[in-house]
């Protein structure tokens, strides 16, 4: 019981470390500081207001969805390091999604024990991994359409950790009009997963989580995790019989390395080790080899102090240090979704090396599109802006400004298309901030002939909508 409390404490520490940007919950926005370039080990949505790092699963999909635009060397390397070092120890000790499921499972209700059906269903997560994390992103990426399919269509952790905190914040009340059938489906998936988790231990981890599927491939040879001393093991099966996961043997691909089986082994054959260092279990193992050491109470105290110090460091860095850009908004410009005010002048260098100077387009309607190569709705609506440019070559100026949240090789990406309107990258984010840009993409901003903002809204548009907005700006 004490070991289980210690594991819950570490799970809680991990969840706090992953989501240490408390300002995000207060302001209702997403942290975009420097630490977002680093992946955390567990499943934790990039769009969570408190997230200080990226989700490895989301990063993998985005890299694969980039097609030939960007090789996924970084994220594959990170997953290899996490997998070889920890395996599914991450699932049992360092994943916020696992902690949520375990807490929900404590709700008093009839429990469904593992059986042949749940064992078969445990392989479903590998199908989800192949189809939604690998095949679909690569397929659409080769067509220059970024589609992180698992994040977009399934991930309940993203809905619970990202969408829900953002939508309940008063600052994002206007985002509800952007919701559609896709969010409704994901909301239903979240509710189903939460309800099933009351009756089935870690249902999402066992049946759907592709990140767990990836880490399971490393379980047998990971440096950290369950180790079974074959000389002592009598193959009584007590460890797997009492395990709530769909394990066939202690430490196999379904084992989340929680360590519950250690106290159930009467032969002391099961230990939790980090390399040759025994962390839990293994009474008497010191007699067999001098390499194995059991962590003392002093060692546990030191470990807890290190975790607490690390938590305080991350909290201070993400909340006090100048990592996230604050919007720089001149007094005479609109911010957010206001309209009727004059847009501040700006100059951006386009990808073809020319200057786009806003004041030079006085007398024309100006349409600004905030987009990104990794944003599926953004990419899908670019042809509408091209069609608008062809329909109004003389009286409408169009500029697509790429977000600097993730700066891909925009030149290389655009080389696969024949767009004739200009593109630019807002490298320091100041232009987007001055126009009232947000972390919600895509976003369309329309200025009338006098530079007054007539429309400034996040969300997808169609060609008919663009024509209507332009015609209104002409008046």
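The values are calculated or read from the model by the stated rules, or taken from the named source; none is laboratory data. Note that this is a predicted model, so its numbers are computed, not measured. Counting neighbours? That spans all protein chains shown, and the Cβs are built from the backbone with ideal geometry, glycine included.
Would you call residue 461 crowded, with 19+ Cβ neighbours inside 10 Å, part of a loop (DSSP other than H, G, I, E, B) and in contact (Cβ under 8 Å) with a residue 24 or more places away in the chain? The answer is yes for residue 461. The sole residue among 99, 57, 79 that is buried (at least 24 other Cβ atoms within 10 Å of the Cβ) and outside any loop (DSSP other than H, G, I, E, B) is 57. One residue is enough: does the stretch 28-48 have a residue meeting the conditions touching a strand residue (DSSP E or B) at 6+ places or on another chain (Cβ under 8 Å) and modelled with pLDDT under 85? Yes: the stretch 28-48 contains one or more residues that are touching a strand residue (DSSP E or B) at 6+ places or on another chain (Cβ under 8 Å) and modelled with pLDDT under 85. Any chance the stretch 279-293 includes a residue that's outside the structural domain of residue 94 (by TED's automatic domain parsing), modelled with pLDDT of 85 or more and within 24 Å of residue 85 (Cβ to Cβ)? No: zero hits. Considering the stretch 420-446, the residues that are within 16 Å of residue 353 (Cβ to Cβ) and at pLDDT 90 or above include one that is surrounded by the fewest Cβ atoms within 10 Å (Cβ to Cβ), namely 420. The residue that is nearest to residue 75 (Cα to Cα), counting only those in the stretch 119-131 that are part of a helix (DSSP H, G or I) and touching a helix residue (DSSP H, G or I) at 6+ places or on another chain (Cβ under 7 Å), is 129. Assess whether residue 134 counts as being assigned to a helix (DSSP H, G or I), under 26 Å from residue 412 (Cα atoms), in contact (Cβ under 8 Å) with a residue 24 or more places away in the chain and out of contact with any strand residue (DSSP E or B) (no Cβ under 9 Å at 6 or more places or on another chain). Spelling it out, residue 134 is indeed assigned to a helix (DSSP H, G or I), under 26 Å from residue 412 (Cα atoms), in contact (Cβ under 8 Å) with a residue 24 or more places away in the chain and out of contact with any strand residue (DSSP E or B) (no Cβ under 9 Å at 6 or more places or on another chain). Considering 59, 65, 149, 157, the condition of being within 29 Å of residue 224 (Cα to Cα), in the same structural domain as residue 10 (by TED's automatic domain parsing) and touching a residue at least 24 places away in the same chain (Cβ under 8 Å) is satisfied by 157 alone. Filtered by the rule that a residue be in a helix (DSSP H, G or I) and farther than 24 Å from residue 61 by Cβ, the stretch 339-391 gives 358, 359, 360, 361, 384, 385, 386, 387, 388, 389, 390, 391. The single condition from (1) under 20 Å from the mean Cα position of the chain (by Cα); (2) more than 27 Å from residue 206 (Cα to Cα) that residue 171 fails is (1). Looking at the stretch 194-244, the helices (runs of 4 or more DSSP H) lying wholly inside it that each contain 3 or more residues that are crowded, with 22+ Cβ neighbours inside 10 Å sit at 203-207, 210-216.
For every residue, the table says whether it meets (1) closer than 22 Å to residue 66 by Cβ; (2) out of contact with any strand residue (DSSP E or B) (no Cβ under 7 Å at 6 or more places or on another chain).
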residue: 377; (1), (2): yes, yes
residue: 391; (1), (2): no, yes
residue: 402; (1), (2): yes, no
residue: 418; (1), (2): yes, yes
residue: 440; (1), (2): yes, no
residue: 464; (1), (2): no, yes
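Residues of the stretch 1-19 that are modelled with pLDDT under 90 and not in a helix (DSSP H, G or I): 1 alone.
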